[in-house]
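Before any comments, here is the structure.
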Amino acid sequence: MSSFSFPFPRNLSLPLRSLSPRLSLPLPRLISLYLPSSRLRLHGVSTRLMASLERKHRIAEIASSIRVIPDFPKPGVMFQDITTLLLDPKAFGDAVELFVERYRDQRISVVAGIEARGFIFGPPIALAIGAKFVPLRKPKKLPVITYA
Ligand SMILES: O=P(O)(O)OC[C@H]1O[C@H](OP(=O)(O)OP(=O)(O)O)[C@H](O)[C@@H]1O
Ligand SMILES: Nc1ncnc2[nH]cnc12
C-alpha cells in the first residue's frame with residue numbers, strides 16, 4: 001500500500017466550495033477534518049480525496065493566472081488573456097501537466113496544435129508524452145505540400 005504524501009504548503013488555505021460556499025480552512029485543519037485515525041482511510045479514500053483537492057487547487061491557480069478583460073473585442077465578451085499565465089512558470093507548467101497526466105500512456109503518436117495558442121501548449125505536451133508535433137496552420141502559409 002502506498003504511503004500518503006502531503007504536497008501542500010502548511011499555511012495554505014483552500015476554499016471548500018463543494019462543502020459550503022463560505023468555508024475556508026487552513027489545510028492542516030482541513031486534513032484533520034477529513035483524515036480519520038484509521039490507517040485504512042488514510043491510505044485509501046483520503047489519499048484519493050487529497051489528490052482530487054490538489055487537482056482542484058492547481059486548476060484554480062491556473063485560472064487565477066489568466067487575465068480577464070471584459071468587453072473585448074466587443075461588449076459582452078470576457079477575453080481570457082493567457083499571456084499572464086505564460087509569465088507564470090508554475091501556472092504554465094501546471095497547465096501543460098494537466099494535459100500530460102490525461103494523455104500519457106494512451107499510445108498517442110502525434111499532437112496537432114491549432115494556430116495560434118495550440119502552438120504554445122502543443123509542443124511541450126507532445127515532448128512530455130513522447131509524441132510528434134504537427135502545427136495546423138492557415139491555408140497557403142507554407143511553401144511545401146500540405147494536408148487539408
Ligand atoms: O489561438 P488563438 O489565439 O485564438 O488564435 C486564433 C487565430 O486568431 C488570429 O487570427 P485572426 O482570426 O485574427 O485572423 P488573421 O489571420 O487576419 O490575423 C491568429 O492569427 C490565429 O490564427
Ligand atoms: N473569450 C475569449 N478569450 C480569449 N480568446 C477567445 N477566443 C474566443 N473567445 C475567446
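Derivation of every value follows stated rules applied to the coordinates shown; laboratory data play no part. Bear in mind that the values here come from a model prediction, so they are computed numbers and not experimental data. Here Cβ is always computed from backbone atoms with ideal geometry, including for glycine, and neighbour counts include all displayed protein chains.
Within the shell defined by Cβ-Cβ distances under 13 Å, the residues around Gly130 carry a net charge of +2, with Lys and Arg each +1 and Asp and Glu each -1.
Per 0.36 nm of contour for each residue apart, how much would the distance between Tyr103 and Glu115 grow if the chain were fully extended, relative to their Cα-Cα spacing?
2.3 nm
Residues whose amide H comes within less than 5 Å of that of Gly113, counting only those at least five positions distant or on another chain, are Val134, Leu136 (H built at 1.01 Å from N in the peptide plane).
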